[in-house]
Amino acid sequence: SKALNMKTEIFVGSDYNATIEALRSNKVDVALMGAFGYVLATTQAPVEAFAVTVTAKSNSPDYHSIIIARTDESDLTSLESLKGHTFAFVDPSSTSGSLMPKAALMDAHIVPETDLKKVIYSGGHDASIIAVAEGKVDAASVADRIYAGACDKKAIDCSKIKVIWTSPSIPNDPLFYRKALSDDMKKKVRDAFYGVKNLTFGEMGTVARFDPATDATYDVVRNIAKTLKLDLTKMK
């Protein structure tokens, strides 16, 4: 509000689709969602990314998907070794908790629905981490930053957990605005967010800053969708 010299209002969507619809109907001008949510939004609304979150812990604009298992599961050492085991994904639309690891499994010629003994969707990264720690599943895919946070908080005994796979880099959550905003307003919005420092921000912990980004920053997510043969234009 101070940077723009105008009143601003906060909207919290119940899910990706609610936020996308708010953008489509011009009820929201600027939004922040996960990488997949943004790519989905670009197929349904005229929006463009202008910034990416940088977490204080990693001081990096990206993160990784990892697959974890208990250290006592000696036969679990790689993607290929997951065949015949139980597995937890986070949410079907989670980039690091589902989409990236599914694409990696398919590249390794593993079809989750048929080659894994059992697949569940935990609904949250923390829930998946706990499911592995408590032996409810043999392995799970989660965001490395959230796993690191769980270890730091001693939510689980991480000495009993191992990482058996790490993905290529995934860009952090983007900030984006409607393309219809004036160039002057876009610059004011960009400058406002580029000026933010050390913001307490949910499961990310502290966001050190927002770095510049473009739509192309999120092409890695589009490539995952292609691997999984997802038609983003038909996803609701």
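The values are calculated or read from the model by the stated rules, or taken from the named source; none is laboratory data. Note that this is a predicted model, so its numbers are computed, not measured. Neighbour counts are summed over all protein chains in view; Cβ atoms, including those assigned to glycine, are modelled from backbone coordinates with ideal geometry. These accessible areas exclude ligands, DNA and RNA; they are computed on the full protein's heavy atoms, side chains included. Shrake-Rupley method; radii C 1.70, N 1.55, O 1.52, S 1.80 Å.
Just for region 177-206: of the residues that are of a type in the set (Val, Ile, Thr) and without any contact (Cβ under 8 Å) to a residue 24 or more places away in the chain, which one is nearest to Thr55 (Cα to Cα)?
This residue is Thr200.
Mind checking which residues of region 207-234 are touching a Ser or Thr at 6+ places or on another chain (Cβ under 6 Å) and either over 17 Å from Phe50 (Cβ atoms) or surrounded by fewer than 16 Cβ atoms within 10 Å (Cβ to Cβ) (or both)?
Within region 207-234, Leu232, Thr233 meet the criteria.
Each row is one residue, and each column tells you yes or no for (1) of a type in the set (Ser, Thr, Tyr); (2) at pLDDT 85 or above.
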{"position": "Val196", "(1), (2)": "no, yes"}
{"position": "Glu203", "(1), (2)": "no, no"}
{"position": "Val207", "(1), (2)": "no, yes"}
{"position": "Ala216", "(1), (2)": "no, yes"}
{"position": "Arg222", "(1), (2)": "no, yes"}
{"position": "Thr233", "(1), (2)": "yes, no"}
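Could you check how many residues of region 123-137 are in a loop (DSSP other than H, G, I, E, B), out of contact with any Phe, Trp or Tyr (no Cβ under 7 Å at 6 or more places or on another chain), open to solvent by less than 50 Å² (accessible area, probe 1.4 Å) and modelled with pLDDT of 95 or more? Step through it out loud before you land on a result.
Narrowing region 123-137 to residues in a loop (DSSP other than H, G, I, E, B): 123-124, 134-137.
Of the ones still in play, those that are also out of contact with any Phe, Trp or Tyr (no Cβ under 7 Å at 6 or more places or on another chain) are 123-124, 134-136.
Remaining after also requiring open to solvent by less than 50 Å² (accessible area, probe 1.4 Å): 124, 135.
Checking the rest, the ones that are also modelled with pLDDT of 95 or more come to 135.
Total satisfying the criteria: 1.
Kindly provide the set of residues from region 163-189 that are open to solvent by 20 Å² or more (accessible area, probe 1.4 Å), closer than 30 Å to Ala131 by Cα and in contact with a strand residue (DSSP E or B) (Cβ under 6 Å, 6 or more places away or on another chain), ordered by number.
Scanning region 163-189 gives Val163, Ile164, Trp165, Thr166, Ser169, Asp173.
Does Gly195 qualify as being open to solvent by less than 60 Å² (accessible area, probe 1.4 Å), farther than 15 Å from Ala35 by Cβ and in contact with a helix residue (DSSP H, G or I) (Cβ under 9 Å, 6 or more places away or on another chain)? Lay out the reasoning, then the answer.
Details: open to solvent by less than 60 Å² (accessible area, probe 1.4 Å): yes; farther than 15 Å from Ala35 by Cβ: yes; in contact with a helix residue (DSSP H, G or I) (Cβ under 9 Å, 6 or more places away or on another chain): no.
Taking the combined requirement at face value, the residue does not satisfy it.
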